[in-house]
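The values are calculated or read from the model by the stated rules, or taken from the named source; none is laboratory data. Since this is a predicted model, take the numbers as computed values, not measurements. With ideal geometry, Cβ positions are generated from the backbone for all residues, glycine too; neighbour counts draw on all protein chains shown. Each accessible area value is taken on the protein alone, full model and side chains, heavy atoms only, with ligands, DNA and RNA left out. Shrake-Rupley method; radii C 1.70, N 1.55, O 1.52, S 1.80 Å.
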Amino acid sequence: RTVLAAAPTGSVSGHGALELRLDDGKDVAALNDLLAQGVEVSWTGTGAVRVPAAARRAAAEVADRYGVRFRPADGTGGVGMRSVTVAAAAPPDELFTLRELGFAVTEVSTEALNAGFDWEGVDVLFVSDGLDHADLTGAARAALDAFLNGGGVVTRGSTGASFNAAAGLLPV
């Protein structure tokens, strides 16, 4: 038998506000899609996000698109969320994955930072390849340090561990 379309795997259940657990990449992609649509999503602090009842149609669309499951929300409140912009020093496969997850990604490197990278609008620095803290100029290091005072950082692998140690972020 020929398959013309896959059966939907996502769902929206219950009434009122909805909750989406962030357990894997498809959940993150669905969250980023909702945020890109302007839906007022809030973080519950329990590994899930809350979507208001008024955004039920948007939730149904992303449930179908990403195969995620929204359930009735427990309780009320939460911390409002917004889209995240990532500056990423990473190989092409990781850049691709970050973009597929719905993040706005700007590629960075030691050279880009030394050339006067503008940190305005960047929320998170992701480092796994192509960024050597020791090779940064004084001005680039000062701009990076200013960003790190208020922005987040995620590191991965040996390059990330070296960056973490050189920047004095976490004792490991």
Charged-residue dipole, Cβ positions (Lys, Arg, Asp, Glu), the range 86-172 about Cα centre, Debye nearest 20:
220
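State whether the range 1-132 is rounded, prolate or oblate according to the following rule on the C-alpha gyration tensor (a ≥ b ≥ c being the square roots of its eigenvalues): a/c under 1.5 gives rounded; otherwise a/b larger than b/c gives prolate, and the remaining case gives oblate. Could you put the intermediate results ahead of the total?
Details: a/c = 2.94, a/b = 1.63, b/c = 1.81.
Since a/c reaches 1.5 but b/c is at least a/b, the shape of the range 1-132 is classed as oblate.
With +1 on the Cβ of every Lys and Arg and -1 on the Cβ of every Asp and Glu, and nothing else charged, how large is the dipole of the chain about its Cα centre, in debye rounded to the nearest 20?
On the way: 13 positive and 21 negative charges, 171 e Å.
Here the chain has a charge dipole of around 820 debye.
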Using Cα pairs closer than 8 Å and at least 6 residues apart in sequence, work out the relative contact order for the chain, in percent.
20
Carbon plus sulfur fraction of accessible area for the range 20-125, probe 1.4 Å, in percent
51
Can you work out the Karplus-derived ³J(HN,Hα) for every residue in the range 49-55? Use 6.51 cos²θ - 1.76 cosθ + 1.60 with θ = phi - 60°, whole Hz, and x for glycine or proline.
10, 10, 10, x, 4, 5, 9
Select from 139, 60, 17 the residue whose mean-square fluctuation is largest in a Gaussian network model of the chain (Cα-Cα springs shorter than 10 Å).
139
For the range 1-65, with the dipole built from +1 on Lys and Arg beta-carbon atoms and -1 on Asp and Glu ones, taken about the Cα centre, which of 11, 36, 22 lies farthest toward the positive end?
11
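Roughly what percent of Cα-Cα pairs across the range 1-69 reach past 19 Å? List each step's numbers first, then the result.
On the way: 645 of 2346 pairs.
Looking at the range 1-69, the distances longer than 19 Å represent 27 percent of pairs.
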Each label point is 7 Å from the Cα along the Cα-to-Cβ direction; what then is the distance between the points at residue 13 and residue 76, in nm?
2.5
Provide the percentage of antiparallel DSSP beta bridges, counting only those with both residues in the range 14-142; round to the nearest 5.
55
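What FRET efficiency comes out for the pair residue 23/residue 142, r = Cβ-Cβ distance, R0 = 41 Å, nearest 0.05? The partial results should precede the final answer.
Values: r = 39 Å, r/R0 = 0.95.
Efficiency, rounded to the nearest 0.05: 0.55.
Kindly report the accessible area of the range 81-120 per residue (heavy atoms of protein chains, probe 1.4 Å, no ligands, DNA or RNA), in Å².
Values: 2240 Å² over 40 residues.
Per residue, the range 81-120 has an accessible area of 56 Å².
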